[in-house]
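Inspection log for the structure reproduced underneath, given as structure tokens.
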Amino acid sequence: MSRVRTIAAAQLRLFVRSRLAVVALALLLMLSLIAAVTGAGQAARMAADRATAQAASNSAFANQPDRHPHRMVHYGTYALRPLGPLAAFDPGVDAFAGSLIFLEGHRQNATTLGAARESSGLIRFGQLAPAFVLRVLVPLLLVFVGFAMVVGERQSGLTTLQLSHGASLRDLIAGKALALGAVAGVAALPALGALGWAAAQAPADAGIALMMALAALLWLGLWVLAITLVSARAASAQSALLALVLGWAVVVVLVPRAAAGVAALAYPLPTKAETDLVIHDELRRMGDSHNPDDPHFAAFKAGLLRRYNVALVEDLPFNYRGALSAEGERLTSLLFARHAADTAAIQMRQHDLLALIGLASPAIGFAQASMAGAGTDLAGHIAFLDAAEAHRYRLIQSLNGLHTWQVKGAADAARNRDPIAERQSRISSQFWAQQRPFAHAGPSVAARMAGMLPGLAVMLVWAALLVWLLRRAGMGAEA
């Protein structure tokens, strides 16, 4: 083991003497530090802005004057996806999926405020976040630093000299890998510092931050093993560089982009316009609560009259219009929930296919593990949508309940033609303040850890394969 450390120390001295390697590492450290600092600052500002906007929306709803409850159904409120400190490390799908939903009656709106839709097209190539630097830029640096560390010495005859002094080829390969691993560790320091900052902001996330750091080191370890293997097996330094750059382009760029396209083709997702048209058509066939001859709502009315043993809706002990609104909201919400579940199922099938294709590219596994840990993956976005819809339905039905029990039926029926009845149909503003505001904590730490496991498993499989190939390369050369 001491011989391996000696070889590693010698290789590190060679790295330090290489001005190109030192300058490239220094530039990458600066870029990574900028990404970490700006990412942390931006995430903190966005989290504060979202919290402020959510509080303002809640306050605006709670402080409305005396109104008719159905006016408040249409006034609505907003739900914003909360942003945790770990999102500074990997923003995930947030820039593309959006973070704000307007909640109102009779409709299920889509998310807005997606940075990719509101910024330049450059954001689609990836945000300059620590996870992006680790996933894309650090491996390329390692390629240019380490491509010739084994094959270059073999071409110059240094390997034969080292072997003649008692070193084994296994020791040489292990020492070179250890030295390149040290460079990878230095290159990862700003990103790991960003994870440490996030853990300090949210101590409950310390365990998940540590797991994300291990995932990042495992990803860079794969490149250390791969570069060492190619450098040991290549016929020349030029062929090693060509093979590694091509491998980086395929693994980091080509396969993830192609995999996303394949998943979209295999499980096509309807557009928002297509879904809206289908929902509109189904709503028309479901029934019209404003049509007294509509079969469903006529049966609903007859059922209420039978239950309370009265002949007219005016004789019911509550406001029939409010009960009718509640029934209409129940039906439309069931329809919205079904379509939302169908959309989420298609998205998850795309995600699962992407993970399967990820067996050919551990970059996908690292990206999915990183987003899952940060809570910015698809599962986290769907959980936010579900929480927002549950809050919307609960709020609207609460308002419909106020409409049913707090507004007199006679005043309600005459409010559009009688100013006095219109004033009588309003209820106290205290009821708005009693409504529970939207709150969403995001996926739990356990759920995020579970979401990281498939990506980690893919990287571990690749690590085992590369270690096995390196061992064979060492044994084969010695034989």
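What follows draws every value from the coordinates through simple rules; no lab data is involved. A quick note: this is a predicted structure, and the numbers were derived from the prediction, not measured. Cβ coordinates were reconstructed from backbone atoms using ideal geometry, including for glycine residues, and neighbour counts include every protein chain displayed.
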With Cα coordinates, the longest principal axis of the chain makes an angle with the long axis of helix 295-308, in degrees rounded to 10, of 60
Taking the Cβ of Val251 as the centre, find all other residues whose Cβ is under 12 Å away and add up their charges (Lys, Arg: +1; Asp, Glu: -1).
+2
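Given R₀ = 22 Å, FRET efficiency for Glu274-Arg394 by Cβ-Cβ distance, to 0.05?
Between Glu274 and Arg394 the formula returns 0.15.
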For Tyr78, enumerate residues with amide H under 5 Å from its amide H, sequence gap 5+ or separate chain, H modeled in the peptide plane.
Leu103
Just want the answer: with Cβ charges of +1 for Lys and Arg and -1 for Asp and Glu, which residue in Gln434, Leu242, Val445 is farthest toward the dipole's positive end in the chain?
Leu242
Contour minus Cα-Cα span, Leu359 to Arg45, at 0.36 nm per residue, comes to 109.4 nm
Compute the distance in nm between two label points, each set 7 Å from the Cα along the Cα-to-Cβ direction, one at Ser239 and one at Ala206.
5.2
Helix-derived mean residue ellipticity, 222 nm - over the chain, DSSP H n ≥ 4, -39500 (n - 2.57), to 500
-23500 deg cm²/dmol
Once R0 is set to 30 Å, what does the formula 1/(1 + (r/R0)^6) return for the Cβ-Cβ distance between Leu14 and Val253, expressed as a FRET efficiency to the nearest 0.05?
0.55
Would you calculate the separation in nanometres between label points at Leu305 and Thr38, each defined as 7 Å from the Cα along the Cα-to-beta-carbon direction?
6.9
Taking 306-312, 413-419, 81-87, 449-455 and ranking on average Cβ neighbours within 10 Å, highest first, one gets 81-87, 449-455, 413-419, 306-312
Which angle from 0 to 90°, rounded to the nearest 10, does the C-alpha axis of helix 189-201 make with the longest principal axis of the chain?
30
Quick one: order Lys408, Lys272, Lys176 by neighbouring beta-carbon count within 10 Å, fewest to most.
Lys272, Lys408, Lys176
Give, rounded to the nearest 20 debye, the magnitude of the charge dipole that the chain has about its Cα centre when Lys and Arg contribute +1 at Cβ and Asp and Glu contribute -1 at Cβ.
1160
I'd like the orientation of helix 272-286 relative to the chain: the angle between its Cα long axis and the longest Cα principal axis, in ° from 0 to 90, rounded to 10.
30
Hey, what do the phi angles of region 440-454 turn into as Karplus ³J(HN,Hα) couplings, whole Hz, using 6.51/-1.76/1.60 and θ = phi - 60°, x for Gly and Pro?
9, 8, x, x, 6, 4, 4, 5, 5, 4, 5, x, 7, 4, x
Inter-label distance, nm, simple model (7 Å from Cα along the C-beta direction), Trp468/Val22:
4.2
Charge dipole of region 189-345 built from unit charges on the beta carbon (Lys, Arg +1; Asp, Glu -1), centred at mean Cα; most positive-end Cα among Ala209, Pro268, Val251 is Val251
Compute the FRET efficiency between Glu314 and Asn109 as 1/(1 + (r/R0)^6), taking r as their Cβ-Cβ distance and R0 = 41 Å, and round to the nearest 0.05.
0.70
Fully extended contour minus Cα-Cα distance, from Met30 to Ser2, at 0.36 nm per residue:
6.8 nm
Roughly speaking, what is the centre-to-centre gap between region 360-397 and region 402-448 when only Cα atoms are used, to the nearest Å?
30
